[in-house]
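Below is one structure, written out as structure tokens, with a few remarks after it.
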Amino acid sequence: MAQIKIREAAVGDAEAMAIILREIGWSERRNALPLREVWGPIEKLIEHTVVYKENHTALVAVDENDEVIGFTNVHWVPFIMLGSYEGYVSDVFVSPKASGRGAGNLLLESIMKEGKARGCMRLMVTNGKDKSSYKRGFYKKLGWTERPQVANFVFYYREPWS
Ligand SMILES: CC(C)(COP(=O)(O)OP(=O)(O)OC[C@H]1O[C@@H](n2cnc3c(N)ncnc32)[C@H](O)[C@@H]1OP(=O)(O)O)[C@@H](O)C(=O)NCCC(=O)NCCS
């Protein structure tokens, strides 16, 4: 199997991330935009992550040609009730073209290692029950526990992508 490596995300990865989101195609609205309009805001978010490394970790998976094939983003949240930190995983995406080669697992394992090194109490992610990653037990297989007693609420300030 070809070598996949994980490294910290850089501002220059924004366009590749936008292309991956487009390939995954969860949002028709986003896919209809010029690519520049998608990666512009991503670039700013990575810049923030890089400046505030203590609070955020953004990683990319690269293939043997150094092409970005996946990415993840985690936010280390001071959680008073836990008396510790929770790592909130906002993004885990691998290009469908590179799917099934282990990049997703490598990204998640890197996050899990980072959280442990930081003395974090737990990690948290939301995973749509209609998504094939949920149906295939992407998180469960790596030891994550589903919380059926917890409802997930969001409050929108703007319309979501899809
Ligand atoms: C889920 C995802 C990150 C997996 O990345 P990947 O590099 O393809 O995964 P790996 O090759 O490391 O395989 C690990 C596990 O991921 C899941 N997986 C692999 N390919 C997948 C695919 N095409 N679709 C969904 N899940 C997949 C499986 O659970 C797999 O374990 P298995 O091979 O024992 O069934 C990727 O398919 C993806 O980006 N999906 C769309 C976005 C998404 O659902 N993100 C996660 C929730 S927010």
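The values are calculated or read from the model by the stated rules, or taken from the named source; none is laboratory data. Note that the structure is a prediction, hence the values are computed from the model and not measured. Backbone-built Cβ (ideal geometry, glycine too); neighbour counts: all protein chains shown. Each accessible area value is taken on the protein alone, full model and side chains, heavy atoms only, with ligands, DNA and RNA left out. Shrake-Rupley method; radii C 1.70, N 1.55, O 1.52, S 1.80 Å.
Can residue 100 be described as over 12 Å from the mean Cα position of the chain (by Cα) and at positive phi? The answer is yes for residue 100.
Residues in region 130-158 that are of a type in the set (D, E, K, R) and modelled with pLDDT under 95: 158 alone.
Residue 82 meets each of the listed conditions (1) within 16 Å of residue 20 (Cβ to Cβ); (2) open to solvent by less than 40 Å² (accessible area, probe 1.4 Å) apart from (1).
In region 1-74, counting only helices (runs of 4 or more DSSP H) that sit wholly within it, the ones holding 3 or more residues that are under 19 Å from residue 95 (Cβ atoms) and touching a residue at least 12 places away in the same chain (Cβ under 8 Å) span 14-24, 35-51. Just one residue in the set 97, 116 is more than 22 Å from residue 140 (Cα to Cα) and not in a loop (DSSP other than H, G, I, E, B); that residue is 97. Could you say whether any residue in region 88-98 is without any contact (Cβ under 8 Å) to a residue 60 or more places away in the chain, farther than 16 Å from residue 18 by Cβ and either more than 15 Å from the ligand (Cβ to nearest atom) or surrounded by fewer than 18 Cβ atoms within 10 Å (Cβ to Cβ) (or both)? Taking every residue of region 88-98 in turn, at least one turns out to be without any contact (Cβ under 8 Å) to a residue 60 or more places away in the chain, farther than 16 Å from residue 18 by Cβ and either more than 15 Å from the ligand (Cβ to nearest atom) or surrounded by fewer than 18 Cβ atoms within 10 Å (Cβ to Cβ) (or both).
Looking across region 121-144 at every residue that is closer than 18 Å to residue 85 by Cα and within 18 Å of the chain's Cα centre (by Cα), the one that is surrounded by the most Cβ atoms within 10 Å (Cβ to Cβ) is identified as 123.
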